[in-house]
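J.: Would you mind keeping the following structure in view while I ask a few things?
The values are calculated or read from the model by the stated rules, or taken from the named source; none is laboratory data. All values reported here derive from a predicted model rather than from experimental measurement. Glycine gets a Cβ as well: all are built from the backbone with ideal geometry, and neighbour counts include every protein chain shown. When the accessible area is computed, the model is the full protein with side chains, heavy atoms only, and any ligands, DNA or RNA have been set aside. Shrake-Rupley method; radii C 1.70, N 1.55, O 1.52, S 1.80 Å.
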Amino acid sequence: KAYVKGPIISNDEKWIYDWFGIEATCSKDIENAIEKANGEELEILINSPGGYVDVGSEIYTLLKDYNGKTTGKILGMAASAASVAAMGVDELLISPTARIMIHNASGVIQGDYRTMEHGSEILKDCNEAISNAYALKTGLDKETLLDLMNKETFMNAQKAKELKFVDGIM
């Protein structure tokens, strides 16, 4: 089993969370689980508010690239970067009490108007990148997905299944 629980953080920050006994997930956690699974079926249990989008992308890619079968189970929440990571499994299930949340990328930008405009373009590009994972899973067009992201969309199990973000309800 692998776990995507707590905030999604960088490998370099993981020791801090561990030291304080705070649940968190970094890409190295998933790498280790994949290595341990050694091609066997891998179950990923998910309950995360999200975190760093690039780490969510890395986890998505690690899961997509895994040679064995992967099954994800959303136990509580797959929000933000965790929703991106969740799209990487072969079969995604959701608890009838769980939710998925998708939204636009956000960040902190400081500088003059040119820097702000550049930052805006970076975030828009990030949204496009994120929407690729959702499009591949759901079959929905980019315009629809970007609109859902603009609205910061929360989906219960039924809505997530209806929109094909998940394959089934547990």
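J.: Would you pick out the residues in region 120-156 that are over 17 Å from residue 53 (Cβ atoms) and not in a helix (DSSP H, G or I)?
T.: Once the filter is applied, which keeps residues that are over 17 Å from residue 53 (Cβ atoms) and not in a helix (DSSP H, G or I), region 120-156 yields 139, 140, 141, 151, 154, 155, 156.
J.: Right, here's the next one. Under 6 Å between Cβ atoms, at least 6 apart or on separate chains: pull out the pairs that start in region 16-41 with a residue that is closer than 16 Å to residue 56 by Cβ and end on any residue that is of a type in the set (A, V, I, L, M, F, W, C) and assigned to a helix (DSSP H, G or I).
T.: 27/55; 27/59; 30/59; 30/62
J.: Please go through region 58-83 and give me each residue that is within 19 Å of residue 6 (Cβ to Cβ) and open to solvent by 10 Å² or more (accessible area, probe 1.4 Å), ordered by number.
T.: Scanning region 58-83 gives 58, 60, 62, 73, 75, 76, 77, 80.
J.: Within region 93-108, identify whether any single residue is assigned to a helix (DSSP H, G or I), open to solvent by less than 50 Å² (accessible area, probe 1.4 Å) and at pLDDT 95 or above, and answer yes or no.
T.: No, the conditions are met nowhere in region 93-108.
J.: Would it be correct to say that residue 127 is of a type outside the set (D, E, K, R) and within 23 Å of residue 98 (Cα to Cα)? Steps first, answer last, please.
T.: Values: of a type outside the set (D, E, K, R): yes; within 23 Å of residue 98 (Cα to Cα): no.
The answer is no for residue 127.
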